[in-house]
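A short worksheet on the structure shown next.
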Amino acid sequence: MHVVVDALSWCFLLGGGGFLLISGVGVLRMPDLFTRIHAAGMADTMGAGMVLVGLMLQGGFSLATVKLLIILGFLWFSSPVSSYALARATLAGGQEPYWVDELEIPPTARIPGRPAPASPSEEG
């Protein structure tokens, strides 16, 4: 039974490390702040959660496991809230998300109170 718990623990640890690595690459490769927030917020929460679960399995049921569980709960609440706050502050600062040129953007997706930029067909 001990071997099964160790194997499961290492699967969680390696899987979490993989998610964290993918998140770091996503932060470096994404074109704008909003997609970087998404890459960091989603994959980091999953990766750190998996690492913490792997550590809980390694530690067995003890005070350390309870502390890791509290850290996991704090992480699950703070990561989405901080991502949302950062995105709202960026929108309030006037930066818009990255848009593909061929994509038709509905007026409701724009920042309220700001005019939509002229499309290439309207400029000519």
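The values are calculated or read from the model by the stated rules, or taken from the named source; none is laboratory data. Owing to the predicted nature of the structure, the values given are computational and were not obtained by experimental measurement. Glycine gets a Cβ as well: all are built from the backbone with ideal geometry, and neighbour counts include every protein chain shown.
In the range 11-47, which residues are acidic (Asp, Glu), out of contact with any Phe, Trp or Tyr (no Cβ under 7 Å at 6 or more places or on another chain) and in contact (Cβ under 8 Å) with a residue 60 or more places away in the chain? Residues satisfying the conditions do not exist here. Select from the range 59-76 the residues that are part of a helix (DSSP H, G or I) and of a type outside the set (Gly, Ala, Ser) and list them in ascending order. Answer for the range 59-76, where residues must be part of a helix (DSSP H, G or I) and of a type outside the set (Gly, Ala, Ser): Leu63, Thr65, Val66, Lys67, Leu68, Leu69, Ile70, Ile71, Leu72, Phe74, Leu75, Trp76. Regarding Met50, is this residue at pLDDT 85 or above and of a type outside the set (S, T, N, Q)? Answer is yes for this residue. For beta carbons closer than 9 Å, sequence separation of 6+ or different chains, a first residue in the range 74-98 that is farther than 19 Å from Val27 by Cβ and without any contact (Cβ under 8 Å) to a residue 40 or more places away in the chain and a second that is surrounded by fewer than 13 Cβ atoms within 10 Å (Cβ to Cβ) and not hydrophobic (A, V, I, L, M, F, W, C), the qualifying pairs are Gly94/Arg114; Glu96/Arg114; Glu96/Pro117. Restricting the range 26-44 to residues that are among the charged types (D, E, K, R) and in a helix (DSSP H, G or I) leaves a set whose member that is surrounded by the fewest Cβ atoms within 10 Å (Cβ to Cβ) is Arg29.
Looking at the range 1-25, which of the residues that are more than 16 Å from Ala43 (Cβ to Cβ) and among the hydrophobic types (A, V, I, L, M, F, W, C) is surrounded by the fewest Cβ atoms within 10 Å (Cβ to Cβ)? Residue satisfying both the conditions and the ranking: Met1.
Table: residues versus (1) in contact with a Ser or Thr (Cβ under 7 Å, 6 or more places away or on another chain); (2) closer than 16 Å to Leu72 by Cβ.
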| site | (1), (2) |
| --- | --- |
| Gly18 | no, no |
| Val25 | no, no |
| Asp32 | no, no |
| Ala39 | yes, no |
| Met46 | no, yes |
| Gly49 | no, yes |
| Leu57 | yes, yes |
